[in-house]
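Asks: Take a look at the following structure, please.
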Amino acid sequence: MRSKISILSIFLIFASILFIACGGQGGTPTASTGGTSQSPSPSPAASAQPTQPANQGSSAGENKLEIFSWWTNPGEADGLKALFEIFKKRRPGVEVINATVAGGAGTNAKAVLVTRMRGGDPPDSFQVHAGQELIGTWVVAGKMEPITDLFKQEGWDKVMPKTLLDQITYKGEIYSVPVNVHRSNMLWYNIEIFKKNNLQPPKTIDDFFKVAEKLKAKGITPLSVGGKDKFEVPHLFESVLLATFGPEDYPKLFKDPSMWENDPRLDKAIDTLNKMLDYANEDRASLSWADAAQRVIDGEAAMTIMGDWAEGYFINKGAKPNKDFGWAPAPGTSGSFLWLSDSFGLPKGAPHRENAIEWLKVCGSKEGQDAFNPKKGSIPARTDADKSKYDVYLRWSIDEFKRDKLVPSIVHGAAANEAYMTDYDNALNLFSANRDKEELKGMLLDAASELQSQ
Ligand code: GAL
């Protein structure tokens with residue numbers, strides 16, 4: 001195998017140069033951010049041996065690291081850059097290739113990744129949600145290397161919560177390094193609008209409609225909703241499902257498909273979403289989550305319900321927590337933390353495997369997490385973070401994560417398999433356009449059949 005690869009290597013080097021010169025992977029927008037030094041000089045941390053023999057892969061001679069993600073927006077892109085900077089200090093001679101595919105929640109990126117992985121062209125490491133997205137999509141298919149030894153060697157098993165470890169473990173082996181924990185069920189609001197109108201952030205769904213009615217009467221768009229990236233309305237609905245079914249029953253929806261049948265709470269949740277959209281902007285199909293968030297800090301809309309990557313976005317834009325924007329759990333979900341976690345793993349055949357392992361070490365390190373998360377708007381996956389590096393929202397969120405009931409996100413890969421997520425997303429996106437409640441219900445019931453395979 002190795003000698004065969006060696007014979008091919010000269011061709012592949014030329015092919016790679018041509019490929020990168022043409023802009024990256026299969027038409028994917030790919031940007032290089034990185035080191036130009038020709039001579040690698042590994043830091044002491046990098047000298048720790050990988051857990052498995054190094055793959056003398058086709059481009060092992062090229063000193064690169066290709067990281068695949070969908071972090072292109074303000075906030076998330078800043079966090080990624082902070083990780084790259086640490087990596088570059090540890091491996092100054094390595095060129096970092098920032099292979100991003102734009103589109104919130106990875107709607108576009110995931111499709112490109114599937115094509116690359118199927119074509120035997122994996123990046124060195126890629127963003128993947130802990131939970132079903134990692135296990136169901138990649139691990140069960142045999143596409144990932146276990147990294148249990150590395151995990152233990154770095155002591156990450158001692159500093160990450162068990163809930164999270166369970167989501168990255170399959171048949172006793174660990175498969176990715178969680179870099180953060182995000183919260184999906186968050187409401188963000190414009191403080192000035194709320195103050196001027198003498199309003200409090202809504203605690204319950206009923207409160208939400210009272211507040212929304214007052215805002216609408218004043219000519220202010222109550223709720224800013226995106227739709228361009230095809231995950232925004234599905235995202236809103238997971239908070240509504242949680243509010244309607246409660247933290248005990250919401251997780252059962254993904255374990256027992258019969259939960260979806262004959263339960264009047266499903267009709268109630270659909271009604272709530274429908275009514276919420278009555279208070280939302282109509283141009284959502286052309287707005288990304290970031291555009292929708294921007295309207296809140298611009299004072300063009302009062303609220304948005306979005307994961308706390310919106311916090312990273314606000315901070316990047318110079319908005320200040322508790323001054324320009326406020327936050328509260330999405331209406332009716334106080335006490336529940338609808339969580340998701342971004343992680344990075346080691347695909348089999350990673351072209352620069354040793355660099356990928358160093359990358360994973362950065363992702364799992366305290367230094368990496370404390371540099372990444374304050375910019376990303378997420379809390380660290382590690383429990384020993386330096387809290388002084390986090391702003392007032394994130395410190396609050398770190399505490400909430402410890403005391404709240406933890407429930408998994410559907411849209412961001414934690415709760416359900418990819419096939420279910422696709423059907424669920426399609427149902428909600430269609431509803432956003434046609435507002436047909438019966439059709440939505442039918443599609444959600446059909447989607448539930450995908451849960452059988454979990
Ligand atoms: C989520 C992801 C976040 C953020 C968000 C918006 O799926 O976990 O890190 O990137 O999408 O794109």
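The values are calculated or read from the model by the stated rules, or taken from the named source; none is laboratory data. Quick caveat: nothing in here was measured; it's all calculated off a predicted structure. A quick note on method: Cβ atoms are made from the backbone with ideal geometry, for glycine too, and the neighbour counts reach across all protein chains shown. Side chains are part of the model used for accessible areas, which takes the heavy atoms of the whole protein and leaves out ligands, DNA and RNA. Shrake-Rupley method; radii C 1.70, N 1.55, O 1.52, S 1.80 Å.
Asks: Which residue out of Lys366, Lys323 is under 21 Å from Pro222 (Cα atoms) and in contact (Cβ under 8 Å) with a residue 12 or more places away in the chain?
Replies: Answer to the selection: Lys323.
Asks: Can you name the condition, by its number, that Leu215 falls short on among (1) more than 26 Å from the chain's Cα centre (by Cα); (2) open to solvent by 10 Å² or more (accessible area, probe 1.4 Å)?
Replies: Here Leu215 meets the rest and fails (2).
Asks: Being within 14 Å of the ligand (Cβ to nearest atom) and open to solvent by 10 Å² or more (accessible area, probe 1.4 Å), is that true of even one residue in the range 317-335?
Replies: Checking the range 317-335: not a single residue is within 14 Å of the ligand (Cβ to nearest atom) and open to solvent by 10 Å² or more (accessible area, probe 1.4 Å).
Asks: May I ask you to verify whether Ala371 is part of a loop (DSSP other than H, G, I, E, B), aliphatic (A, V, I, L, M) and in contact (Cβ under 8 Å) with a residue 60 or more places away in the chain?
Replies: No, not satisfied.
Asks: Inspect the range 378-401 for any residue being more than 30 Å from Ser449 (Cβ to Cβ), among the β-branched types (Val, Ile, Thr), at pLDDT 95 or above and in a strand (DSSP E or B) and give the result as yes or no.
Replies: Within the range 378-401, one or more residues are more than 30 Å from Ser449 (Cβ to Cβ), among the β-branched types (Val, Ile, Thr), at pLDDT 95 or above and in a strand (DSSP E or B).
Asks: Looking at Leu428, Leu440, Leu360 in this structure, which one is assigned to a helix (DSSP H, G or I) and within 16 Å of the ligand (Cβ to nearest atom)?
Replies: Among Leu428, Leu440, Leu360, only Leu428 is assigned to a helix (DSSP H, G or I) and within 16 Å of the ligand (Cβ to nearest atom).
Asks: Tally time: how many residues in the range 118-177 are in contact with a helix residue (DSSP H, G or I) (Cβ under 9 Å, 6 or more places away or on another chain), within 16 Å of the ligand (Cβ to nearest atom) and open to solvent by less than 10 Å² (accessible area, probe 1.4 Å)?
Replies: 12
Asks: A further question follows. If you go through the range 85-107 one residue at a time, how many are within 16 Å of the ligand (Cβ to nearest atom), touching a residue at least 40 places away in the same chain (Cβ under 8 Å) and either open to solvent by 40 Å² or more (accessible area, probe 1.4 Å) or part of a helix (DSSP H, G or I) (or both)?
Replies: Summing the residues that are within 16 Å of the ligand (Cβ to nearest atom), touching a residue at least 40 places away in the same chain (Cβ under 8 Å) and either open to solvent by 40 Å² or more (accessible area, probe 1.4 Å) or part of a helix (DSSP H, G or I) (or both) in the range 85-107 gives 4.
Asks: Out of the range 296-316, which residues are in contact with a strand residue (DSSP E or B) (Cβ under 6 Å, 6 or more places away or on another chain), open to solvent by less than 20 Å² (accessible area, probe 1.4 Å) and in a loop (DSSP other than H, G, I, E, B)?
Replies: Gly307, Asp308 - these are the residues of the range 296-316 that are in contact with a strand residue (DSSP E or B) (Cβ under 6 Å, 6 or more places away or on another chain), open to solvent by less than 20 Å² (accessible area, probe 1.4 Å) and in a loop (DSSP other than H, G, I, E, B).
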